[in-house]
Every structure is written in C-alpha cells, then in structure tokens.
Amino acid sequence: QVQLVESGGGLVQPGGSLRLSCAASGTISRINVMAWYRQAPGKQRELVAAVTRDGRTNFADLVKGRITLSRDNAKNTVYLQMNDLKPEDKAVYYCNWNARTTPWERAYDYWGQGTQVTVSS
C-alpha cells in the first residue's frame, strides 16, 4: 500500500507563489506517473501536471509557464512550484501516483487527501 500526503497549500495573494509537496510512504517497486490534479468547487477534477518514469512531462494549458514540477527520488517526494497565482487557481490540489508495490503486481492509482490552495487579496 502506498500513502501520499500533500502539504504546502494555503492562502496567497494574486501574483504570489506556493510550493506543494507530495510525500509517499509504503512499499514502492516502480512509479510510472507522478501527477498533480486540482478540483475547484462545482468543477471536475483536472490534471495540472504530470511526469512519467522516463521524465516526460505534461502541463495543463492554464498553468503552463507558471509551474515547475520536480522530484526527489531519495525522499519519494514530488514538488509542484506554482508562481504568479491567480484567483482561478483556487482549488483543492491532489497528488496522484500510478505505481506498483511489487514487481509482479499491476500498477494502481494512489491519491492523497488533498491540500487547499486559495488565491485572494
């Protein structure tokens, strides 16, 4: 079983920055994808950014140029640096990993509990 814990959310003024962290615990054999999603009130959950095992990245058009995705393999942690935040970035941000816990089992999707990001003056 893999547990994901997000942190770093909070209240920030428009134009400000936040760095979200997603730390994993548990037994991990292989990580296929590390991703961030967000869900605003009344809206569907949407992909913000993702990085694959081989380093390919995918960023949502709404955040391109304003975010950076990085990882610390030794700490099993992925970071989402968000700059020039806008009120429309307000949402609960979720960490999602597609990973295997053993070499002989298929991969599963794991989700964190979410961290709130609010952008307001």
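The values are calculated or read from the model by the stated rules, or taken from the named source; none is laboratory data. Bear in mind the structure is a predicted one, so any value in this text is a computation, not a measurement. Heads up, the Cβs are rebuilt from the backbone with ideal geometry, glycines too, and the neighbour counts pull from every protein chain shown. To get the accessible areas, we keep the full protein, side chains included, count just its heavy atoms, and leave off ligands, DNA and RNA. Shrake-Rupley method; radii C 1.70, N 1.55, O 1.52, S 1.80 Å.
When you scan region 43-65, do you find a residue that is in contact with an Asp or Glu (Cβ under 6 Å, 6 or more places away or on another chain) and over 21 Å from residue 107 (Cβ atoms), even just one?
No, the conditions are met nowhere in region 43-65.
Does residue 88 count as of a type in the set (D, E, K, R) and over 15 Å from the mean Cα position of the chain (by Cα)?
Here the answer is yes, as residue 88 does meet what is asked.
Could you grab me the full set of residues in region 17-38 that are open to solvent by 50 Å² or more (accessible area, probe 1.4 Å) and at pLDDT 95 or above?
17, 19, 37, listed by residue number.
Could you go through region 59-71 and let me know if any residue there is basic (Lys, Arg), under 20 Å from residue 18 (Cα atoms) and loosely packed, with under 13 Cβ neighbours inside 10 Å.
Yes; the residues of region 59-71 include at least one that is basic (Lys, Arg), under 20 Å from residue 18 (Cα atoms) and loosely packed, with under 13 Cβ neighbours inside 10 Å.
Out of 41, 14, which single residue is assigned to a loop (DSSP other than H, G, I, E, B), of a type outside the set (Val, Ile, Thr), modelled with pLDDT of 95 or more and open to solvent by 60 Å² or more (accessible area, probe 1.4 Å)?
After applying the criteria, what remains is 14.
What is the number of the single condition among (1) more than 14 Å from the chain's Cα centre (by Cα); (2) surrounded by fewer than 21 Cβ atoms within 10 Å (Cβ to Cβ); (3) in contact (Cβ under 8 Å) with a residue 12 or more places away in the chain that residue 74 does not meet?
Only one criterion in (1) more than 14 Å from the chain's Cα centre (by Cα); (2) surrounded by fewer than 21 Cβ atoms within 10 Å (Cβ to Cβ); (3) in contact (Cβ under 8 Å) with a residue 12 or more places away in the chain is unmet by residue 74, namely (3).
Being touching an Asp or Glu at 6+ places or on another chain (Cβ under 7 Å) and hydroxyl-bearing (Ser, Thr, Tyr) is the filter here, so list the residues in region 22-42 that pass it.
The answer is 37, and nothing else.
Among the residues of region 8-18, is any in contact with a strand residue (DSSP E or B) (Cβ under 8 Å, 6 or more places away or on another chain), among the β-branched types (Val, Ile, Thr) and more than 15 Å from residue 111 (Cα to Cα)?
yes
When region 81-97 is examined, which residues are found to be open to solvent by less than 40 Å² (accessible area, probe 1.4 Å) and either more than 14 Å from residue 112 (Cα to Cα) or among the aromatic types (Phe, Trp, Tyr) (or both)?
Passing the criteria: 82, 85, 89, 91, 93, 94, 97.
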